[in-house]
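Asker: One structure coming up, written as structure tokens, with questions to follow.
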Amino acid sequence: MTLSTILLSATPAAAGEMSIESLIFDLAFILILGAVTTVFFKIIKQPVVLGYIVAGFLASPNFTYLPSVTTESNIDFWAQIGIIVLLFSLGLEFSFKKLLNAGGSAVVTALIIVMGMMCAGFSIGYLLGFTHIDSLFLGGMLSMSSTTIIIKAFNDLGLTHKKFAMQVFAVLIVEDLFAVLMMVILSSIAVNNSVEGTEMLWSISKLAFFLIIWITVGVFVLPSLLNRVRTYLNSETMLIVSMGLCLGMAVFSVYCGFSLALGAFVMGSILAGTSFAERIEHVTMPVKDLFGSVFFISVGMMVNPSIIAEYAGPILIISSVVIVGMILFGTFGMLVTGQTLKIAIESGFSLTQIGEFAFIIASLGMSLGVLDQTIYPIVVAVSVLTTFTTPYFIRMANPFYRFVERHLPARLHFLITRYAKQNGNESQTGQLWHTLIKRYMWRVLLYTSVLIAICVISTRWLLPTIMDLSPEWGRLITAAISLAVMAPFLVALSYPASRRSERKILLDANARFEAPLIIMSIFRLLISLAFIIYILTAIFTWGVGMTFGLAFFILIVFIFSKRVKRRMRLFETKFLNNLNERELRRSGLNNNIISNLYMAFMTVGYGCPFVGKRLSESGLRTDYDVSVASIQRGNTLIAVPGGDTRIFPGDTLAIIGTEESIQALLPEVEAADTPRGGSEMKATDMKLTSISLSKKSPLIGHTVGESQLSTQYASLLVSIMRDDTYIVPKADFSFSAGDTLWLVGNPSILNKLK
């Protein structure tokens with residue numbers, strides 16, 4: 001299968017059906033329409049995604065008052081690229097570090113929402129007369145909230161700093177992973193036209209295996225490779241490298257039997273943990289915006305008013321199921337995982353919409369030819385309706401919580417509160433046990449997947465090749481090579497995931513931990529032994545595998561254990577460092593310079609209190625006991641900056657300090673532009689205003705330098721009029737009653753100066 005075959009198989013039209021003129025005409029037409037509609041939707045303060053959908057409808061044959069695209073397959077071609085780039089961008093926002101930080105609460109909540117909405121969607125589809133496959137795809141579409149719409153709504157309402165918003169973002173991260181898994185499962189079901197437990201289990205196992213192998217190799221290789229060529233990666237080169245990796249992984253994913261979108265998502269997830277993630281997001285954003293817009297426009301082209309009018313009842317019913325189901329399952333999931341009633345309700349009311357993944361799953365069903373044509377416009381209509389209602393439901397969360405709090409039985413309210421406190425105040429022993437379990441699970445999954453890959457390569461490729469070269473010694477040579485390669489991973493799998501000190505703490509706290517620890521050790525040993533027996537049996541016979549397998553297992557565990565264990569610790573350390581490179585780089589924990597001093601690289605946020613100040617005025621050395629070694633500003637590096645160098649948003653500061661000082665400084669430097677009072681000031685609120693000072697003005701008797709007009713009143717002093725004379729303000733100028741000040745700022749705030 002060639003590269004061109006793979007790409008063409010992912011699009012509905014053959015290359016011969018496309019002409020350059022029609023391709024360019026269609027792209028120009030839909031982009032012009034998209035530009036007009038998105039500007040209009042910006043003016044009326046609605047999500048841009050809805051503007052793209054409207055543009056698609058206007059460009060489709062369903063709207064007869066404007067010309068339509070010449071060839072719909074042209075748009076399908078661009079839309080397929082749009083899906084790839086969108087999934088790559090979602091992967092860049094995903095990162096396995098975020099998934100680990102999200103914790104069990106987000107995973108359990110997302111699982112409850114997905115399973116609950118899958119069942120609700122399938123049931124309502126069946127009741128509305130859809131086929132089993134259509135109902136199953138409908139359930140998949142309804143089970144994913146829209147990350148784009150929720151982030152937009154939170155930003156508009158100024159809620160991104162709230163605790164429940166952090167919980168919602170964590171759930172969305174996990175839902176992204178579930179969505180990719182669901183696409184694989186639905187594809188398998190669609191191809192076989194039935195729900196077979198064995199086939200589904202095989203698809204999930206195959207996906208898990210390939211994901212672990214891809215991520216292991218990618219995390220181990222890519223960050224180190226990119227760091228070696230860091231000095232050559234300007235914006236142009238970074239764009240080429242990142243998009244090349246994205247498309248390359250997408251093609252490789254097809255070779256392995258999966259979709260282009262899955263490969264793009266995986267590559268984005270791998271790159272999300274590197275220190276290049278922000279730069280990659282920045283340089284690929286125009287590509288994502290361009291092709292993503294084409295994808296959403298292609299969604300709008302499927303909107304058929306006659307079908308929407310005909311299915312107005314089902315659309316309203318499905319929309320109600322989305323809203324009610326997301327509120328119920330989201331709130332219940334948060335409560336089950338120990339969140340307070342207020343956070344649970346706020347989270348549930350924030351998830352009441354479907355979006356981009358619904359369209360991607362619908363496109364998947366259409367491309368496989370298993371989804372009814374009428375379901376696509378129905379789902380689009382549901383998405384538009386629930387998107388419009390999202391801000392209103394977010395605002396309704398607090399009133400609804402107060403209503404529930406007043407009418408909830410006191411006993412039940414007490415139980416919910418106590419359960420939340422118990423989950424929030426986990427003991428140190430419990431936290432240690434959970435850490436140990438997570439370490440044990442990822443180590444077993446990682447090394448098991450690597451060993452499976454070695455076995456597959458040995459039996460399917462290495463053995464036939466060597467047997468052709470040397471029929472007499474081929475089996476023995478293959479066995480020797482396979483066991484030599486497997487040995488380090490077998491030893492690493494056999495040894496405990498816990499340290500001796502950790503086991504002592506657990507056993508001192510409670511003797512009941514002894515049995516699980518023993519069982520975990522036995523389980524690892526059995527897995528290691530099983531791999532040895534399997535590979536020898538596959539190469540020789542069952543008897544040889546059992547006899548020599550046990551002997552080889554004892555040999556590697558007791559003779560080569562110390563050396564191999566040391567090597568595997570280095571392997572694990574490098575893997576974890578590469579996985580967390582982005583976090584380690586900004587915190588400096590992996591960049592020890594001398595003694596207890598570290599170097600961290602922090603990106604200055606727009607809310608940083610040092611923005612605009614000179615280094616000598618910032619107090620970084622006096623207040624935080626740190627030094628600034630360099631400043632990266634775009635493509636310019638300011639090495640050892642002087643005290644007069646100013647700090648600007650977007651600068652990357654190389655900070656040298658102790659671990660404690662760096663951790664204290666991080667939130668200040670990377671502070672976002674979020675108002676502390678919860679209110680949000682807009683650019684249109686800033687106006688040139690004149691203020692006449694009375695005797696009661698707080699400025700009387702103070703100089704311009706003492707007034708703190710920029711910090712306390714968010715204003716800029718332009719000029720001062722005294723006795724019909726305009727005066728250029730200087731720091732030592734003193735204000736007097738009767739002065740007229742000309743300032744740029746918010747008039748409602750500046751009125752306080754009168």
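Asker: Which FRET efficiency value, to the nearest 0.05, do you get for T231 and E278 by plugging their Cβ-Cβ distance into 1/(1 + (r/R0)^6) with R0 = 22 Å? Present the calculation step by step, with values, prior to reporting the outcome.
Answerer: Numbers: r = 18 Å, r/R0 = 0.80.
Computed FRET efficiency for T231 and E278: 0.80.
Asker: Using the per-residue mean of other Cβ atoms lying within 10 Å as a proxy for protection, in what order, highest first, do the peptides 527-538, 356-367, 387-398, 462-473 fall? Please report the intermediate quantities before stating the final value.
Answerer: Values: 527-538: 19.8, 356-367: 23.2, 387-398: 17.8, 462-473: 12.9.
Those peptides, ordered most packed to least, come out 356-367, 527-538, 387-398, 462-473.
Asker: Separate question: Please work out the C-alpha center-to-center distance from the range 21-85 to the range 464-488 and express it in whole Å.
Answerer: So the separation of the two Cα centres works out to 58 Å.
Asker: Mind jotting down the distance between the C-alpha centroids of the range 277-309 and the range 229-256, whole Å?
Answerer: Going from one Cα centre to the other spans 21 Å.
Asker: Would you mind getting me the FRET efficiency between D723 and N751? Use the beta-carbon distance for r and R0 = 25 Å, nearest 0.05.
Answerer: 0.60
Asker: Can you flag which of K695/K730; K45/K752; K42/K754 are past 25 Å Cα-Cα?
Answerer: The pairs that break the limit, which is 25 Å between Cα atoms, are K45/K752; K42/K754.
Just so you know, all these numbers are worked out from the coordinates, no wet-lab data involved. These numbers were taken from a predicted model, which means no experiment stands behind them. Backbone-built Cβ (ideal geometry, glycine too); neighbour counts: all protein chains shown.
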